[in-house]
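Every read-out reported here was derived from the displayed coordinates using simple, explicitly stated rules and does not represent laboratory data. Only a predicted model underlies this, so the values are computations on that prediction, with no experimental measurement involved. Don't worry about glycine lacking a Cβ; one is built from the backbone with ideal geometry, like all the others, and counts go over all protein chains shown.
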Amino acid sequence: MIPCIAFDNISLEDERGFFIAINKKQKPIQPDLLWDLEGKAHPDTPEGKISNIVRKLNFREPFRDKIYIPVYGSKSGKSINMAAFCNGILNSKITSQITSNCVGRYNPLFTDDPWTAVNRISSVLERYFKLIDDNFSDDHKNYIFGNAGIPVMLYILEPIVSRLERIPSSEDLKKYVDCIQKFFDENYTNKEQLRKLRLETNSEGSRKNLAKQIGIFIRKSTKDKNFWPKMEELDFVREIIEMERRIGRLISQKLSSLTTGWEKQRIPESIYKNAKKKMESDGTEFHENFDLGEEFEIIKRSDNWSDTFQRVFVSKDGFVDSDELRIAFFYLSKIRNPASHGKSFVPTKEDFDQCDIYLQKFSKVVPETISEEDSEQTDLPA
């Protein structure tokens, strides 16, 4: 015998609502089906509006019959999953009242009325992707009109709309689409590169990073330094800032194990005075006030280097020598503090690639948390 609960004489809307609630919390089902049902069950919610935007696009070029929407039948011949498209819209926040780059004002695409929002945003997406479809090569379109490419293009659309400060026309969008086309023409010239790109952009973080690279290219091509003002606040910079703090904690632990008066004895005078002043003004710990350039200067001071830091950083899993360590600090600082390299400085794809390599090396030799045991083991003679 199996105990059951059944509901009799309830509306179709209630049935949909129960189905979504139960399957979200109890038994995972196909994400495409959940997104499909959101539009029918909750058309007034943000998720419901997104669902109906994608459903509407399936009847318009360049997406006609290319999106897999479960209620319409088989997945055969469909190159885009509804869930991938819907999640791309959700993550880009182009349906939200306030987006990342719409600081101090509302998103021009936003409206409270759900059906006006669906019609408005689907029309903008139709114009945007139609320009891409008309102008890009077939190889590039095979990537862009896929489950990885669609979210990348949506991430880029939000700062475009924010910069225009209005509902964009095809003419407005063409300027930016031309830049995106040029980016792909210059960086992905053959099928093998695009195959590799498809494999590399299988996570949300990697898609954001590609969108950021395209955003940098747009910024340089249009000579518009105010395009995508929040770009530098993305995950990459946060990772560097976290590593900066980890290195600061490491410096504190290692030098304090050598001498109790390490702040005055082992820190260059100008750095000591600056950190002490900040510490006294805002109540932070002494080591929290070092920037990357100061940390490298402390680490490479001859006595600090020979007594402890050479054994920490130069290793099989770490850096080859002090020269590579210097280059690593240079690349992290370049992304962390672009203003120090001049107002017009914009990091390149190569800058980000190098920075990613060196962040991985730092993560292997700089622990997230420092214990006394870590200090004792690291300070053993090489």
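Quick notes
- When you count the other C-beta atoms within 10 angstrom of each residue and take the mean per peptide, 32-43, 138-149 line up highest first as 32-43, 138-149.
- Rounded to the nearest 20 debye, dipole of the stretch 1-145 from Cβ charges on Lys, Arg, Asp, Glu: 260 debye
- Shape of the stretch 27-143, Cα gyration tensor, a/c cut at 1.5: oblate
- The stretch 103-149 and the stretch 1-75 have Cα centres separated by 22 Å.
- Residue-by-residue Karplus 3J(HN,Hα) for the stretch 38-55, coefficients 6.51, -1.76, 1.60, Hz, glycine and proline x: 4, x, 7, 7, 9, x, 8, 8, x, 5, x, 5, 4, 4, 6, 5, 5, 4
- Cα-Cα over 23 Å, subset of LYS56/LYS93; LYS174/LYS225; LYS93/LYS208; LYS40/LYS212; LYS225/LYS334; LYS175/LYS230: LYS40/LYS212
- Each residue of the stretch 94-99 was assigned a 3J(HN,Hα) from its phi angle through the Karplus expression (A = 6.51, B = -1.76, C = 1.60, θ = phi - 60°), giving 6, 9, 7, 5, 10, 9 Hz with x at Gly and Pro.
- For the chain, the residue among SER333, SER306, CYS102 whose Cα projects farthest onto the positive side of the dipole built from Cβ charges is CYS102.
- Only Lys, Arg, Asp and Glu carry charge here, each on its Cβ (+1 for the first two, -1 for the last two); on that basis the chain has a dipole of about 1060 debye about its Cα centre.
- Applying both filters, DSSP loop and at most 13 other Cβ atoms within 10 Å, to the chymotrypsin sites (Phe, Trp or Tyr not before Pro) of the stretch 55-134 gives PHE59, TYR106.
- Net charge of neighbours whose Cβ lies under 11 Å from the Cβ of SER221, counting Lys and Arg as +1 and Asp and Glu as -1: +2
- Of the trypsin sites (Lys or Arg not before Pro) found in the stretch 60-118, those in coil by DSSP whose Cβ has at most 16 other Cβ atoms within 10 Å are ARG60, ARG64, LYS66, LYS75, ARG105.
- For TYR68, distant residues with modelled amide H under 5 Å away: ILE80, ASN81, MET82
- With Cα atoms, 0 to 90° folded angle of helix 114-135 axis to the chain main axis: 70 degrees
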